[in-house]
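**Student:** Okay, handing you the structure first.
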Amino acid sequence: AADAAPLLEVRNLSMFFKGVKAVADVSIAVPAGQIRGIVGPNGSGKTTLFNVISGLYRPTAGRVLLDGRDVTAARPHALAHAGIARTFQNLRLFAALTVRDNVLVALDPTRARGTWRYLLLPVGVWRRDRALRREADALLERFGLRAFADDQPTALPYGTQRRVEIARAMAARPRLLLLDEPAAGLNGDEVRQLCDIIRSIRDVGVTVVVIEHNMGMVMSLCDHVTVFAHGAIIADGPPQDVAVSPEVIEAYLGE
Ligand code: ADP
């Protein structure tokens, strides 16, 4: 519903880099359960927005609220604990680990073991732990990755690697998932599969914010789209309304 309390709120956010206004006075409210698209030409501030939300940058001004709680510039691990997970434009998988272990190391072992001391044990011990392994395998199953559990990610097609990255992000059981251009480099079938996965994530109650250049995907997937140009929001609304906005057409023609 439009009046639902926002899960994510960004208030009057600005991020300047040595005089470059990457993001200037941007406010966004994303209700729980929404799939929000963030679109805009290259250099319009989209990734900077994600970097501020996920705690990589301290903003020049403004605040980030998660479920009403101020999480501005909190440390990335604290944000992960608060329920924010993200993927990156360039894959960041551990090449030397199997697909299962890439997911396994992102699990919170204290959930399975009930003890923080577990965090001090080497990955080899985690790997032999039945409860953790079961949880990792359940995630692999859910994202169609079971057959690749023992493969190294770099040996797999790009679309499959993207799914591993999403499975790993979901291992932290986030409430908010930030996806940075998840469809980049994927073929049509892989994009459709990705959309099904994103919808299934939303359907279990996770709010999704996705930066994406593939407009066909944005139009069919997103409940609501926010359009950036030159660090500011130039349009915001349901995808079918945004697509016909003169400001948006102008911004894209000028790219
Ligand atoms: P988008 O994700 O929409 O392509 P970005 O957020 O990456 O846009 O970039 C917005 C603007 O901020 C660009 O002009 C970019 O060069 C600048 N910018 C982004 N990150 C940095 C940084 N770490 N240092 C300096 N300038 C940056």
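The values are calculated or read from the model by the stated rules, or taken from the named source; none is laboratory data. Here the structure is a predicted model, which means the values were calculated and not measured. Here the Cβ positions follow ideal geometry from the backbone for every residue, glycine too, while neighbour counts run over all protein chains shown.
**Student:** Using the structure shown, decide if Leu194 is aliphatic (A, V, I, L, M), over 18 Å from Phe88 (Cα atoms) and buried (at least 21 other Cβ atoms within 10 Å of the Cβ). Lay out the reasoning, then the answer.
**Tutor:** Working: aliphatic (A, V, I, L, M): yes; over 18 Å from Phe88 (Cα atoms): no; buried (at least 21 other Cβ atoms within 10 Å of the Cβ): yes.
Against the criterion (aliphatic (A, V, I, L, M), over 18 Å from Phe88 (Cα atoms) and buried (at least 21 other Cβ atoms within 10 Å of the Cβ)), Leu194 does not qualify.
**Student:** Also, I was wondering about something else. Given the criteria in the same structural domain as Leu139 (by TED's automatic domain parsing) and under 29 Å from Thr154 (Cα atoms), does Val99 qualify?
**Tutor:** Taking the combined requirement at face value, the residue satisfies it.
**Student:** Quick one: which strands (runs of 3 or more DSSP E) sit completely within segment 1-99 and have at least 2 residues that are without any contact (Cβ under 8 Å) to a residue 60 or more places away in the chain and over 23 Å from Leu186 (Cα atoms)?
**Tutor:** On the way: elements: 6-17, 20-31, 35-39, 61-66, 84-86.
Correct list: 6-17, 20-31, 61-66.
**Student:** Can you work out which of the residues in segment 48-65 that are aliphatic (A, V, I, L, M) and away from the ligand (no atom under 13 Å from the Cβ) is surrounded by the fewest Cβ atoms within 10 Å (Cβ to Cβ)?
**Tutor:** Of segment 48-65, the ones aliphatic (A, V, I, L, M) are 49, 52-53, 56, 61, 64-65.
So of that shortlist, the ones also away from the ligand (no atom under 13 Å from the Cβ) come out as 61, 64-65.
Values: Ala61: 13, Val64: 24, Leu65: 16.
Filtering first and then ranking leaves Ala61.
**Student:** Do the conditions hold for Arg163, that is, is it within 19 Å of Gln34 (Cα to Cα) and either at pLDDT 95 or above or outside the structural domain of Arg69 (by TED's automatic domain parsing) (or both)?
**Tutor:** Numbers: within 19 Å of Gln34 (Cα to Cα): no; either at pLDDT 95 or above or outside the structural domain of Arg69 (by TED's automatic domain parsing) (or both): yes.
It is false that Arg163 is within 19 Å of Gln34 (Cα to Cα) and either at pLDDT 95 or above or outside the structural domain of Arg69 (by TED's automatic domain parsing) (or both).
**Student:** Quick check on segment 136-158. Is at least one of its residues within 26 Å of Val10 (Cβ to Cβ) and at pLDDT below 95?
**Tutor:** Checked segment 136-158: no residue is within 26 Å of Val10 (Cβ to Cβ) and at pLDDT below 95.
**Student:** Of the residues that sit in segment 205-241 and are part of a loop (DSSP other than H, G, I, E, B) and touching a helix residue (DSSP H, G or I) at 6+ places or on another chain (Cβ under 9 Å), which one is modelled with the lowest pLDDT? Walk me through it before giving the result.
**Tutor:** Residues of segment 205-241 part of a loop (DSSP other than H, G, I, E, B): 205-206, 212-214, 222-223, 230-231, 238.
Right, trim to touching a helix residue (DSSP H, G or I) at 6+ places or on another chain (Cβ under 9 Å) and you get 206, 212, 214, 222-223, 230-231.
Details: Val206: 97, Glu212: 95, Asn214: 91, Cys222: 97, Asp223: 96, His230: 94, Gly231: 97.
Top of the filtered list is Asn214.
**Student:** Enumerate the pairs (first residue in segment 129-154 and among the β-branched types (Val, Ile, Thr); second residue anywhere and at pLDDT 90 or above) with beta-carbon separation below 9 Å, excluding pairs fewer than 6 apart on the same chain, so at least 6 apart or on different chains.
**Tutor:** Taking only residues 6 or more apart or on different chains, the pairs are Thr154/Gln161.
**Student:** Shifting gears a bit: Of everything in segment 7-43 that's in contact with a Gly (Cβ under 9 Å, 6 or more places away or on another chain) and more than 16 Å from the ligand (Cβ to nearest atom), which residue is farthest from Ala85 (Cα to Cα)?
**Tutor:** That would be Asn12.
**Student:** Now for a different question. Among the numbered criteria (1) more than 16 Å from the ligand (Cβ to nearest atom); (2) aromatic (Phe, Trp, Tyr); (3) in contact with a Leu (Cβ under 6 Å, 6 or more places away or on another chain), which single criterion is violated by Phe94?
**Tutor:** (3)
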